[in-house]
Each structure stands twice: as structure tokens, then as C-alpha cells.
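Engineer: Sharing a structure below in C-alpha cells format, with a few things to ask.
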Amino acid sequence: MSGTNKYHLPSGTSAMDPYDLLVTPGSAGWGHSGLRILALGPGEAHSLTTGDSEYLVLPLTGGCTVTVAGQSIELHGRTDVFASATDFVYLPPQTDALISSAGGGRYALPSARAERGGLPARYGRKEDVPVELRGAGACSRQVNNYCLPGTFEAEKLLVCEVLTPGGNWSSYPPHKHDEARPGQESELEEIYYFQLRSEEGFGYQRVYGTADRPIEVLAEVRSGDAVLIPHGWHGPSIAAPGYDLYYLNVMAGPGPDRAWLICDDPAHGWVRGTWESQECDPRLPFGAKETD
């Protein structure tokens, strides 16, 4: 199938108590990437068993306490995804953890199937998250690089956030990472999870494939939606004018090396060369990283 419905998950359509969104390798029909969105009211808690996967606990709004291996790790969190980057916790496979929140909040739990294990549960400081401005002009966007090669150690899991000012395009030029080509491209499944700054906000996500591996998605996305990308070119992600767009990217794949190597669509890769003569959008960055 290559229709939109299989890959575009509107808000609420993939909910399963206690999660607002539940994407597993089994539900997605692939082998590695997963994402859960957990909402906790004030004083509530949730027990998580990681099983065969590694996880992050990444606050979207609010803070929380993660109790794991006899230690309690306090996450300051943030007021919302546009305010700042956040601190987070890494959980290895075969781990039991308790996520509790005195004030309530919403938490992303990105995951990837892991084979070796051996990494400890540990805290990721907000101050150590590289915040990068990419592109220029109408292609300007902000990227919070939480868990990528060179920023935070994991076995398979790759996680970042992209924040796009209203009217801008990100994930552009369209690119793909669905073939194992050493030094050029890595094979990775990807999940996009969207939030808009306002309730009325919307954007668009494009995914398209090749003759050999067709896929066709053009989805209007709103807060709480997700788009699954098993393969193919993806981009642009378009923020409608007046509505700032956020998305969380979760990636993992079968390769022995944890790498994020992409290949631009050759029809559109030339666009990168136009950025040299343009300034970055002055609305970026969206927020300074808060201090504890």
C-alpha cells in the first residue's frame, strides 16, 4: 500500500491507554523504530518496561522524576517545545522505570530495538544538547540534536527535534535514507511527530518514493499527528504562514553502525547552494536553553 492513511496517523487514531500515541515496530510494519507519547496528570505515575528496546524519556511539557535502578533522576523539562531544549533520560533494554510527575505534563518516549545492551541508564543535560540553525531564508529551521552520533551515545536510537517558523519549509531539499551505502547513505526507518504552536495551526508533510519502492503521502498535519516513513524521499515539511511547526524525529535501522547519512533528491539538491547568499530567519532560535 502507498496511500496516505497507512502512513499518516492523525491525532488520537493511534492512541492506546495510557498513551496518546503508540507506534511500535509491529504496528508500523517495520523492524526497529518506535514512539509513545505519555500524558500524566498532577501526581500521576507510569511504569515502563523497556523490553528489547532502548528508550529516551523526553519531556514535551512539564517535568518529571524517572526512577530507575534504585536512583531517582529529576527532569526539569520545559513549558513547551518552543521554549527551549530539555533535559532527558536514556533507558537501556531490559529495564524497569517509573515516570512520575508532581505537576503533570506530556512526555515523548522514542525507542529503538537494541541487540547488545550494556549501556547504563543516564541523564542527558539540557545544556549539552547541541542547538543548530540549518538552512537560510524560507528554508531556515532550528534542530535540537539530542541523541545522534557525536551528541549522545546509544546503540541504535537517533532522536532530534526540528522547529520551523511559520511560512518556512524544512526537511528540504527532500532526502532519503533507505539504502545501506557506506559513506553515503544509511538505512533508517523514521517517525515524525508534530506539534503546532496554536490549536488552529497546521502544516504539510510530503513523502514520495521510487518506481521500485513506491510510497505517496501528502498529509495536512496538526498537533498530535504522526507520519511514518519506512522508505522514500521525505520533505518538505511545510509550516503554514502564521503557525510555527515542531516535529520530533525518531530513527533506527538494521545497520551495524549507528549512522545518519542522507541522500538529497538530485532534482532538488541544488537548492542548498542558494542559501549561501541568504541570511538565517531572524525569528530563530526559538528560545534560549534554560538553566536549572
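The values are calculated or read from the model by the stated rules, or taken from the named source; none is laboratory data. This one's a predicted model, so the numbers in the text were calculated from it and none came from an experiment. In this analysis, Cβ positions are derived from the backbone assuming ideal geometry, glycine residues included, and neighbour counts consider all displayed protein chains. The area values use the complete protein model at the heavy-atom level, side chains included, leaving out ligands, DNA and RNA. Shrake-Rupley method; radii C 1.70, N 1.55, O 1.52, S 1.80 Å.
Engineer: Go through 24-34, 134-144 and give me the packing order, highest mean Cβ count within 10 Å leading. Spell out each step's value before the answer.
Structural biologist: On the way: 24-34: 18.2, 134-144: 20.0.
Order by mean packing, descending: 134-144, 24-34.
Engineer: While we're here: Please report, to one decimal in angstroms, the Kirkwood hydrodynamic radius of region 202-292 built from all distinct Cα-Cα pairs. Before the final figure, lay out the partial values.
Structural biologist: Working: mean 1/r = 0.0617 Å⁻¹.
When all Cα pairs of region 202-292 are included, the Kirkwood radius is 16.2 Å.
Engineer: Within region 191-292, which GluC sites (Glu not before Pro) sit in a loop by DSSP and count at most 15 neighbouring Cβ atoms inside 10 Å?
Structural biologist: On the way: sites: 199, 200, 216, 220, 276, 279, 290; in loops: 199, 200, 279, 290.
Loop-located and lightly packed - 199, 200, 279.
Engineer: Right, here's the next one. Just order 246-252, 203-209 by mean Cβ neighbour count inside 10 Å, highest at the front, would you?
Structural biologist: Values: 246-252: 25.7, 203-209: 21.4.
Averaged packing, sorted descending, gives the order 246-252, 203-209.
Engineer: Let me ask something additional. With runs of 4+ DSSP H residues as the only contributors, calculate the mean residue ellipticity of the chain at 222 nm using -39,500 (n - 2.57) per run, divided by the residue total and rounded to the nearest 500.
Structural biologist: On the way: 2 runs with 8 residues, N = 292.
Helix-only estimate at 222 nm: -500 deg cm²/dmol.
Engineer: Next up: Using a Förster distance of 25 Å, how high is the FRET efficiency between residue 175 and residue 278, based on the Cβ-Cβ distance and rounded to 0.05? Walk me through the numbers before you get to the answer.
Structural biologist: Numbers: r = 20 Å, r/R0 = 0.79.
Result of the calculation: an efficiency of 0.80.
Engineer: For residue 19 and residue 213, compute 0.36 nm times the residue count separating them, minus their Cα-Cα distance, and round to one decimal in nm.
Structural biologist: Roughly 66.7 nm would be gained on extension.
Engineer: Using 0.36 nm per residue of separation minus the Cα-Cα distance, give me the extension gain between residue 96 and residue 80 in nm, one decimal. Walk me through the numbers before you get to the answer.
Structural biologist: Working: separation 16, 0.36 × 16 = 5.76 nm, distance 2.71 nm.
Here the segment from residue 96 to residue 80 would lengthen by 3.1 nm.
Engineer: What whole number of Å gives the distance from the Cα centroid of region 52-99 to the Cα centroid of region 11-32?
Structural biologist: When both Cα centres are located, 19 Å separates them.
Engineer: Scattering from the C-alpha atoms of region 146-212 alone, worked out with Debye: what is log10 I(q)/I(0) at q = 0.12 1/Å?
Structural biologist: -0.45
Engineer: Counting only other residues whose beta carbon sits under 11 Å from that of residue 153, what net charge do I get with K and R as +1, D and E as -1? Show your work: numbers first, answer last.
Structural biologist: Details: positive: 122, 258; negative: 54, 155.
So the environment of residue 153 carries a net charge of 0.
Engineer: For the chain, report the accessible area per residue in Å² (1.4 Å probe, heavy atoms, rounded to an integer). Each step should come with its number before you reach the end.
Structural biologist: Working: 12080 Å² over 292 residues.
So the chain comes to 41 Å² accessible per residue, rounded to a whole number.
Engineer: Another one. For the chain, which whole-number percentage of the solvent-accessible area (1.4 Å probe, protein heavy atoms only) is attributable to carbon and sulfur atoms?
Structural biologist: Working: 6240 of 12080 Å².
Of the solvent-accessible surface of the chain, carbon and sulfur hold 52 percent.
Engineer: Calculate the spin-label point distance for residue 11 paired with residue 44, positioning each point 7 Å from the Cα along the beta-carbon direction, and give it in nanometres.
Structural biologist: 1.6 nm
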